Amino acid sequence: NAGVTQTPKFQVLKTGQSMTLQCAQDMNHEYMSWYRQDPGMGLRLIHYSVGAGITDQGEVPNGYNVSRSTTEDFPLRLLSAAPSQTSVYFCASSYAGTSGYEQYFGPGTRLTVT
Amino acid sequence: AQSVAQPEDQVNVAEGNPLTVKCTYSVSGNPYLFWYVQYPNRGLQFLLKYITGDNLVKGSYGFEAEFNKSQTSFHLKKPSALVSDSALYFCAVRDGGSQGNLIFGKGTKLSVKP
């Protein structure tokens with residue numbers, strides 16, 4: 001049981017380039033989400049999904065796209081990278097619903113945009 | 001709007017002493033509260049949660065947290081700190097209108113000195 005996996009671990013992009021951050025989970029969780037972590041700001045929700053084919057915006061969605069074609073995968077796309085997107089990105093998953101299910105986090109992707 | 005506050009950016013404790021990391025929250029309805037720990041260059045690890053029931057919640061690695069409804073607090077505690085407890089700690093509350101979204105505090109850096 002690998003849990004939540006993310007690739008790549010590190011990435012350097014030039015301004016304007018695009019890329020996809022990969023996230024996969026093997027726990028059959030309906031809910032998946034992407035956060036970015038910046039110093040002194042905690043984690044901020046970018047996009048989330050409560051099941052295959054369903055996605056929605058979080059607190060800071062601009063400049064990012066997501067899709068959820070399968071339960072297991074939830075890729076995050078940067079459309080045209082900007083220096084403000086330099087951050088550490090975390091994917092997380094949990095069971096969905098109104099109960100207090102805890103989220104499981106991946107190891108993160110450290111992205112630098114120059 | 002729901003929110004979480006961690007009033008201390010850093011907490012310093014001597015090894016063997018008790019530690020407290022503070023968290024206060026603001027929610028409408030019943031709160032679902034969580035504590036996570038992040039070691040350097042790692043993802044977040046779930047420590048414990050409060051959903052309902054006993055106000056004292058026990059979690060991983062000897063940590064516990066006390067839910068206080070009148071003070072809207074959910075402080076993390078440990079009777080005897082270890083140097084290996086040094087890490088970044090996040091308090092989070094579930095967004096009541098969502099199927100799993102978490103709202104995080106900005107984090108508290110715990111430093112335990114020998």
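The values are calculated or read from the model by the stated rules, or taken from the named source; none is laboratory data. Model, not experiment: these values are computed from the prediction. Note that we place each Cβ from the backbone using ideal geometry, even for glycine, and neighbour counts take in every protein chain shown. Remember, those area values only see protein heavy atoms, side chains included, never the ligands or the DNA or RNA. Shrake-Rupley method; radii C 1.70, N 1.55, O 1.52, S 1.80 Å.
Ranked by the mean number of other Cβ atoms within 10 Å per residue, highest first, peptides B:78-89, A:81-92 order as A:81-92, B:78-89.
About the Cα centre of the stretch A:1-75, how large is the charge dipole given +1 on each Lys and Arg Cβ and -1 on each Asp and Glu Cβ? Please answer in debye to the nearest 20.
Once rounded to the nearest 20, the dipole reads 320 debye.
Highest-first packing order for the peptide set A:67-80, A:26-39 is A:26-39, A:67-80, based on the mean count of other beta carbon atoms within 10 Å. Label sites at residue B:71 and residue B:111, each approximated as a point 7 angstrom past Cα along Cα to Cβ, lie 2.6 nm apart. The residues of chain A have, on average, 45 Å² of accessible surface per residue, using a 1.4 Å probe with all protein chains present. Grab the beta carbon distance between residue B:60 and residue B:30, set R0 = 22 Å, and tell me the FRET efficiency rounded to 0.05. The formula returns an efficiency of 0.40 here. Among beta bridges identified by DSSP and lying wholly in chain B, the antiparallel ones come to about 85 percent.
Mean silhouette area of the protein assembly as shown, derived from the convex hull of its C-alpha atoms and averaged over all directions, reads 12.4 nm². When chain B is treated as a Gaussian network with alpha carbon springs shorter than 10 Å, the biggest mean-square fluctuation among B:59, B:43, B:16 belongs to B:43.
What the pair-distance distribution of chain B shows, using all Cα-Cα distances binned every 10 Å from zero, is 15, 49, 30, 6, 0 percent. In the distance distribution for chain A, Cα-Cα pairs more than 20 Å apart total 35 percent. For the stretch B:1-65, the convex hull spanned by the alpha carbon atoms encloses 121 Å³ per residue. Net charge dipole, the protein assembly as shown: roughly 440 debye, given to the nearest 20, about the Cα centre with Cβ charges of +1 for Lys and Arg and -1 for Asp and Glu.
Summing both sides, the accessible surface hidden between A and B at a 1.4 Å probe radius is close to 1700 Å².
In order along the stretch A:22-27, the phi-based Karplus estimate (6.51 cos²θ - 1.76 cosθ + 1.60, θ = phi - 60°) of 3J(HN,Hα) comes to 9, 9, 9, 9, 10, 9 Hz; Gly and Pro are listed as x. Residues in the stretch A:47-58 carry Karplus couplings, in order, of 9, 8, 8, 9, x, 4, x, 10, 9, 8, 7, x Hz; the curve used is 6.51 cos²θ - 1.76 cosθ + 1.60 with θ = phi - 60°, and Gly or Pro positions show x.
The mean number of partner chain beta-carbon atoms within 10 angstrom of a residue's beta-carbon across peptide B:41-47 is 6.
Of the trypsin sites (Lys or Arg not before Pro) found in the stretch B:1-83, the ones in coil according to DSSP and having at most 11 other Cβ atoms within 10 Å of their Cβ are B:69. Counting only other chain Cβ atoms within 10 Å of each residue's Cβ, the peptide A:101-108 averages 6. Across peptide A:53-64, the average count of Cβ atoms from other chains found within 10 Å of a residue's Cβ is 1. Given charges of +1 on the Cβ of Lys and Arg and -1 on the Cβ of Asp and Glu, with all other atoms neutral, how large is the dipole of chain B about its Cα centre, in debye to the nearest 20? Once rounded to the nearest 20, the dipole reads 80 debye.
If one computes the Cα centroid of the stretch A:75-114 and of the stretch B:1-79, what distance in Å separates the two points? Going from one Cα centre to the other spans 22 Å.
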